[in-house]
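Student: Sharing a structure with you now.
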Amino acid sequence: MTIPAVVSDARKVFESGATRSPSARAASLRALRAMIIDNEAAIEAALWADLHKGAGEAQLTEIGVVLAEIGHALRHLRRRTRPRRGPVPLALWPARARLVSEPLGVVLVIAPWNYPLQLLLDPLAGVLAAGNTAVLKPSELAPETSALVARLVPAYFPGGEVRVVEGGVEETTELLAQRFDHIVFTGSGAVGRIVMRAAAEHLTPVTLELGGKSPAWVDDDARLDQAARRLVWAKFTNAGQTCVAPDYVMTTPDRVPALVEALRRAIADLWGDDPRASGDYGRVVNERQFDRLVALLDGADVVIGGEHDRAERYLAPTVVVSGGRAVGPDATDPLLREEIFGPVLPIVAVESAEQAVDVVNNWDKPLALYVFTSSARTRKLFEQRTSSGAVVHDAGLIHVAATGLPFGGVGASGMGAYHGPYSWRAFSHLKPVLRKPLALDTLRLAQPPFTGFGSRL
Ligand code: NAD
């Protein structure tokens, strides 16, 4: 089937009204849940083949996140689909208003390769709960997961509520030429711009989930061993290929040696003395990314890890003490010039929390900001003087699993948010429906001639 035919079929299914009723929405969500649960072993195998993602990590960061999102959507479905009463000002009385959440239509979901299942199906849960049909474009760089989803979807959605188009730039470009009612894109800022330009042609609204350099601050008063353990977990999960991974960590110069030792202990605790032998440590997705990461280490002051093997695309959990102080396109240290998106953590020494705030504010607004401190004052300093998609204190990554919180970026890290109620908001149109009975025609007062009312009416 051609791409235009796929999209027009998805539109026909939407226009038939088959996905609108609360029971149809619930049936779609249950089909999605069954698709995942019935095929857990195949999903785990695909994630292992694509990213060396172990079963535990696959459950925690991919399968579990999507199942939680589906459960949340199902629990709240009846309440959210019920029309709410809307307020009507006295001047319009007698009248009644309702607020109706209506689906948008056909939604395109474009996913990246790093969490190839979660970032495709998590938005889908919200899209289906809101009564839309969907076209999914998985990442061609996670080919096993892409092929599996393409094979499973027609079996679990025989009515054509969800369709899959596999492929890379060429197919995505053709998809983007079609008219959609909303586009959810997760990926890089560069492609985000392409998506937004294409969407503008059809005035299609977009949710852009992008990336960037998410900073972490470890204060002098932070409990170092605990902070280090949480930092390395957040950084080296999925071999650092996580949009909300801490990209670099700032601390004061005196604290650097102790932080390095704490990070070393934490890495050994989580992945053993030889992470390469650990079934829980991932691999870099492809050789292109591997070469880019290894080149970033050229001339760097590597204090932990650094071992690498191109044949396996293995790059050890690596910590570097950065000579640079500025972060952004003009930074002297190449590690501080672009999003790292791999298992390399630079430590940047700055004099104080205030200076760390300046470093953050010097460039694009990040997707996440992590602060490790026991001082309420320092927490407030970062919350109030920086802007980011989210702030997490004393941990990393966990906000992604908080289904009730909005997940998204701000500025260069994205626009719009989803998850739980925010997916509902993003993929529905809140339509006010007003009725003013013809009897008791008070609208006459608002119609000319305005004799006797002066100019205030
Ligand atoms: P990418 O932007 O290269 O690709 C994303 C998707 O866009 C893929 O499906 C790909 O096929 C498609 N695509 C690529 N080039 C295209 C083009 N020229 N025209 C049209 N479509 C194109 O991103 P990636 O490398 O898959 O993922 C890494 C990036 O994604 C990082 O920047 C990361 O921070 C970001 N990311 C963000 C989130 C989030 O939730 N905010 C999550 C994961 C990844």
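Student: Using alpha carbons only, how many angstrom separate the centre of the range 224-270 from the centre of the range 292-342?
Tutor: Centre-to-centre (Cα) distance: 14 Å.
Student: Where does each of 95-108, 162-175, 243-256 land if you order them by average Cβ count within 10 Å, highest first?
Tutor: 243-256, 95-108, 162-175
Student: Moving on. Quickly rank 405-418, 425-438 as a protection proxy: mean count of other C-beta atoms within 10 Å, highest first.
Tutor: Packing proxy ranking, top to bottom: 405-418, 425-438.
Student: If you don't mind, another one. Mind checking the per residue accessible area of the range 228-306 for me, 1.4 Å probe, whole number of Å²?
Tutor: Working: 3080 Å² over 79 residues.
So the range 228-306 comes to 39 Å² accessible per residue, rounded to a whole number.
Student: Counting only protein heavy atoms and a 1.4 Å probe, tell me what percentage of the chain's accessible area is made up of carbon and sulfur.
Tutor: The value for the chain is 55 percent carbon and sulfur by accessible area.
Student: On a 32 Å Cα-Cα criterion, which of the cross-link pairs K12/K53; K137/K380; K235/K431; K137/K365; K53/K213 come out too long?
Tutor: Check vs 32 Å cut-off fails for K12/K53; K137/K380; K235/K431.
Student: Calculate the length of the line joining the C-alpha centroid of the range 398-457 to that of the range 17-78, in whole Å.
Tutor: Cα centroid of the range 398-457 versus Cα centroid of the range 17-78: 31 Å apart.
Student: Shifting gears a bit: Pull out a ≥ b ≥ c, the square roots of the eigenvalues of the alpha-carbon gyration tensor of the range 386-425, then state rounded if a/c is under 1.5, prolate if not and a/b is larger than b/c, and oblate in the remaining case.
Tutor: Note, shape of the range 386-425 comes out oblate.
Student: I've got another one for you. For the range 215-401, rounded, prolate or oblate, judged on the Cα gyration tensor with a ≥ b ≥ c (square roots of eigenvalues), a/c < 1.5 rounded, else prolate if a/b > b/c?
Tutor: On the way: a/c = 1.62, a/b = 1.40, b/c = 1.16.
It comes out prolate by the Cα gyration axes.
Student: Would you please give the FRET efficiency between V88 and A446, computed as 1/(1 + (r/R0)^6) with r the Cβ-Cβ distance and R0 = 22 Å, to the nearest 0.05?
Tutor: 0.95
Student: Which value, in Å³ per residue, describes the convex hull spanned by the Cα atoms of the range 236-289?
Tutor: Numbers: hull volume 5.6 nm³, N = 54.
In the range 236-289, the Cα hull volume divided by residue count equals 104 Å³.
Student: Cα-Cα pairs above 44 Å in the chain: how many percent?
Tutor: 20
Student: Could you check how many percent of all C-alpha pairs in the range 12-123 are farther apart than 16 Å?
Tutor: Roughly 69 percent, once rounded to a whole number.
Student: Please give, to one decimal in nm, the separation of the simple spin-label points placed at Q384 and D330, each 7 Å out from Cα toward the Cβ.
Tutor: 2.9
Student: Also, I was wondering about something else. Suppose the chain between L74 and E338 were pulled fully straight at 0.36 nm per residue; how much longer would it get relative to their current alpha carbon spacing?
Tutor: This chain segment gains 91.1 nm when fully extended.
Student: Per DSSP H run of n ≥ 4, the term is -39500 (n - 2.57); total these for the chain, divide by its residue number, and report the mean residue ellipticity at 222 nm rounded to 500 deg cm²/dmol.
Tutor: Counting only the DSSP helices, I get -12000 deg cm²/dmol.
The values are calculated or read from the model by the stated rules, or taken from the named source; none is laboratory data. Keep in mind that what you see is a predicted model, and the values were worked out from it rather than measured. So basically every Cβ, Gly included, is an ideal-geometry build from the backbone, and we count neighbours across all protein chains shown. Keep in mind that these areas ignore ligands, DNA and RNA; they rest on the heavy atoms of the full protein, side chains included. Shrake-Rupley method; radii C 1.70, N 1.55, O 1.52, S 1.80 Å.
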